[in-house]
Amino acid sequence: MGGVLVIWLLLFAGAVELSLGISHEIHLLRPQLGSSGHHVPGLSCLSWRLGVEAHNIIEWSTVPQACESYVGHYMLGHQYRKDSRAVVYEALTYAQSLKLAVDGKDIWVFDVDETSPSNLPYYAKHGFRVEAYNSTQFNNWVYEGKAPALPESLKLYKKLLSLGIKAVFITGRPEAKEMSQQPIYEMWDITLGRSSYSSKQILTLQDVFHWAY
């Protein structure tokens, strides 16, 4: 009797799946992408995000049109701040564990875009990277000097200063003047722009010390 019941349940479940169009076919993440990681309709935004974060989707230039709201909710919601806070917590834990020489030669290297100041206000007006990158519009935004500081990065910056660690900012832009327009980051020793070194040159810590001292 028990065996008959099990068989009946399996047949019933199979009939329901067929009627609802449910498929057990496994779709790999990568085959759903075209060349250079271009989005294919039907791919979920969560899968696309996971692929990008894991560097399985490479050379992407824009966010899929269907994912504009998904990215916007993340960036403007609480999760982005929580993720930033988690990373900064680990950075602070590391900094506080160091045995500093207190000789003024300890530095912390910050990246600029999306690490120190945030370009979120700009991207919010341009589809959260759904729109193709426009260097002219973006540079105009940069030189307005209105990019706010990322709150958690600012906390890290201030704590590092209190520990006696100097701040060095590195940017891939030709000019490094944007940090001079960020009054929130009041103290730093040097900002290195692309004009400070060849675009094909690997910037090493030795180079940073050379410019900083």
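None of the figures in this text is laboratory data; all of them are computed from the coordinates on show. The structure presented is a predicted model; accordingly, all values stated were derived computationally and were not measured. Every residue, glycine among them, receives a Cβ derived from its backbone with ideal geometry; neighbour counts consider all protein chains shown.
Amide H contacts under 5 Å for residue 149: 118, restricted to partners 5 or more places along the chain or on a different chain, H placed in the peptide plane at 1.01 Å from N.
Proximity of backbone amide H atoms, modeled 1.01 Å from N, is registered between residue 166 and 106, 107, 108 at under 5 Å, excluding neighbours fewer than 5 places apart on the same chain.
Here the Karplus curve 6.51 cos²θ - 1.76 cosθ + 1.60, taken at θ = phi - 60°, turns the phi angles of the stretch 155-165 into couplings of 4, 4, 4, 5, 5, 4, 4, 5, 8, x, 9 Hz, with x standing for Gly and Pro.
When you filter the trypsin sites (Lys or Arg not before Pro) in the stretch 107-154 for DSSP loop state and at most 14 other Cβ atoms inside 10 Å of their Cβ, you are left with 125, 146.
Which pairs break 19 Å Cα to Cα here: 105/166; 125/146; 82/146; 105/155; 105/159?
On the way: 105/166 8 Å; 125/146 14 Å; 82/146 23 Å; 105/155 21 Å; 105/159 17 Å.
Over 19 Å Cα-Cα: 82/146; 105/155.
Among 73-85, 158-170, sorting by the average number of other beta carbon atoms lying within 10 angstrom of each residue, highest first, gives 158-170, 73-85.
If the chain linking residue 52 and residue 83 were pulled fully straight, counting 0.36 nm for each residue of separation and taking away their Cα-Cα distance, it would gain 9.5 nm.
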